[in-house]
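Contents: one structure, followed by commentary.
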Amino acid sequence: MDFQYTPKVKDMQARLLAFMDEHIYPNEARFFAEIAENRAKGNAWVPTKIVEELKPKALAAGLWNLFLPKSTRAPQGLSNLEYAPLCEIMGRVPFAAEVFNCSAPDTGNMETLERYASESLKDEWLEPLLRGEIRSAFLMTEPDVASSDATNIECEIRREGNEYVINGRKWWSSGAGDPRCAVYIVMGKTNPDAGRHEQQSMIVVPANSKGITVVRALSVFGYDDAPHGHMEVLLKNVRVPAENILLGEGRGFEIAQGRLGPGRIHHCMRTIGIAERALELMCKRLNERVAFGREVARQTVWQERIAESRCMIEQARLLTLKAAYMMDTVGNKVAKAEIAMIKIVAPNMACQIIDWAIQAHGGGGVSQDFPLAYAYAHQRTLRLADGPDEVHRNSLAKLELAKQLAVPGDMGMPITRGS
């Protein structure tokens, strides 16, 4: 495995870093100020002007749709390994990925449409998403069942003639609060009598379909993430054309695995980006502050934490790059252990480093004057999103146990002392 970045990627890194310095960091405060101003006017669910102003600049800079590999509709798309270091840079600021049309859940939805949708669905929905004209949401999790086991999903997708009728309640539908959200990809059951993993299907649903109610926004540690939002959505007798089904009935789990693999790479690289920024902020703060007669940075407890943070970041990055490399070379199925590992390792690593950074900042660390509190809320959520830690650990343990069962000869016989 060679993780040396190619000249192409190094050039894009340099251009992306320059763009961040010129356009993203200087406007970070403005982004949150716009949302606060909209909220004060009575409606926080309004797209921010700053993001919309920066999108044409990102497109002109050739930093657009970088996440989508092997697509004739997005020829600028990179492999997972090429995109990973760029995704890390975007992850340093919460709104940056959207500026480059590389933000979730649109990236996962665009990959799903590219891989599994008909050409007519691609023309209708993928093309405007690639142009950044609309946004989307992914409706999978439900409030009434343990959604860590996706076979529990109860949302009904029933065929009636040339239509499917959808009934169900979803929540944590990220992006559904955005007024630009024009389309959902919904996972539900088409045949409850089929095999455990053949009951579910995915279907494309226009967001303005009759029978859809966006019930409320769910907050994350008090943050509503407007104008993006994580919404509870009720679907009551929603009718869509039968051709909106993706791949056919019973293929929902197959599609989910194809969708979530790249998404986990993206999440983990963005996580590494914010962990790097937290470490930088921690070191800067420790160098600036004096307590009990000397710089706080000279306290050995902080030197231990800084050193441990660097080790944790490097370990997580190498593991994530390995997973990206394997996805590119052998595919998601073979790389499932590595994908599970990064999803466990990266958010836990970031939570610890951000927590230390908050501690280094004292009261400021939990305030709006620094990006740390918001970053912690997001990273703590990632220990649940795309599958909780426990599910990934369970899957990983099963793979390890199966691997040992496959080893002939060594039955783990005890060694008798003195024999």
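The values are calculated or read from the model by the stated rules, or taken from the named source; none is laboratory data. Source: prediction; values computed, not measured. Positions of Cβ are generated from backbone atoms using ideal geometry, with glycine treated the same way; all protein chains shown enter the neighbour counts.
Screening the candidates ALA324, ALA340, ALA360, ALA375 for the property of being without any contact (Cβ under 8 Å) to a residue 60 or more places away in the chain, crowded, with 16+ Cβ neighbours inside 10 Å, in a helix (DSSP H, G or I) and of a type in the set (Gly, Ala, Ser) yields one hit, ALA340.
The residues in region 106-130 that are of a type outside the set (Ser, Thr, Tyr) and over 20 Å from the mean Cα position of the chain (by Cα) can be counted, and the count is 9.
Residues in region 1-59 that are buried (at least 17 other Cβ atoms within 10 Å of the Cβ), assigned to a helix (DSSP H, G or I) and among the polar types (S, T, N, Q): ASN27, ASN38. Condition (residue is assigned to a helix (DSSP H, G or I) and either surrounded by 15 or more Cβ atoms within 10 Å (Cβ to Cβ) or at positive phi (or both)) applied to region 65-80: is it met by at least one residue? Checked against the condition, which is being assigned to a helix (DSSP H, G or I) and either surrounded by 15 or more Cβ atoms within 10 Å (Cβ to Cβ) or at positive phi (or both), region 65-80 yields at least one hit. Within region 87-101, the only residue that satisfies the criterion of being assigned to a loop (DSSP other than H, G, I, E, B) and either modelled with pLDDT under 95 or within 11 Å of HIS267 (Cα to Cα) (or both) is GLY91. Only one of the numbered conditions (1) of a type in the set (Ser, Thr, Tyr); (2) at pLDDT 95 or above; (3) closer than 21 Å to GLU249 by Cβ is not met by THR151, and that is (2). Restricted to region 258-298, and to residues there that are part of a helix (DSSP H, G or I) and either among the small types (Gly, Ala, Ser) or assigned by TED's automatic domain parsing to the domain that holds MET20 (or both), the residue that is surrounded by the most Cβ atoms within 10 Å (Cβ to Cβ) is ALA278. Taken over region 351-392, the criterion of being polar (S, T, N, Q) and under 21 Å from GLU28 (Cα atoms) is satisfied by SER367, GLN368, GLN379. State yes or no: is GLU111 among the charged types (D, E, K, R), in the same structural domain as ASN237 (by TED's automatic domain parsing) and modelled with pLDDT of 95 or more? For GLU111, the condition - among the charged types (D, E, K, R), in the same structural domain as ASN237 (by TED's automatic domain parsing) and modelled with pLDDT of 95 or more - is not met. Within region 110-150, the set of residues being in a loop (DSSP other than H, G, I, E, B) and of a type in the set (D, E, K, R) comprises ARG131, GLU133, GLU142, ASP144, ASP149.
Could you tell me which of the residues GLY387, GLY331 is assigned to a loop (DSSP other than H, G, I, E, B) and within 22 Å of PRO85 (Cα to Cα)?
It is GLY331.
Scanning region 13-30 for residues that are in contact (Cβ under 8 Å) with a residue 24 or more places away in the chain and either within 17 Å of PRO56 (Cβ to Cβ) or more than 23 Å from the chain's Cα centre (by Cα) (or both) yields ARG15, LEU16, PHE19, MET20, HIS23, ILE24, ASN27. Just one residue in the set VAL205, VAL215 is in a strand (DSSP E or B) and within 25 Å of ALA117 (Cα to Cα); that residue is VAL205. Of these, GLY188, GLY175, GLY195, which one is buried (at least 24 other Cβ atoms within 10 Å of the Cβ) and at negative phi? The conditions single out GLY188.
Yes or no: region 385-397 includes at least one residue that is at pLDDT 95 or above, closer than 26 Å to GLU276 by Cβ and touching a His at 6+ places or on another chain (Cβ under 8 Å). Checking region 385-397: not a single residue is at pLDDT 95 or above, closer than 26 Å to GLU276 by Cβ and touching a His at 6+ places or on another chain (Cβ under 8 Å).
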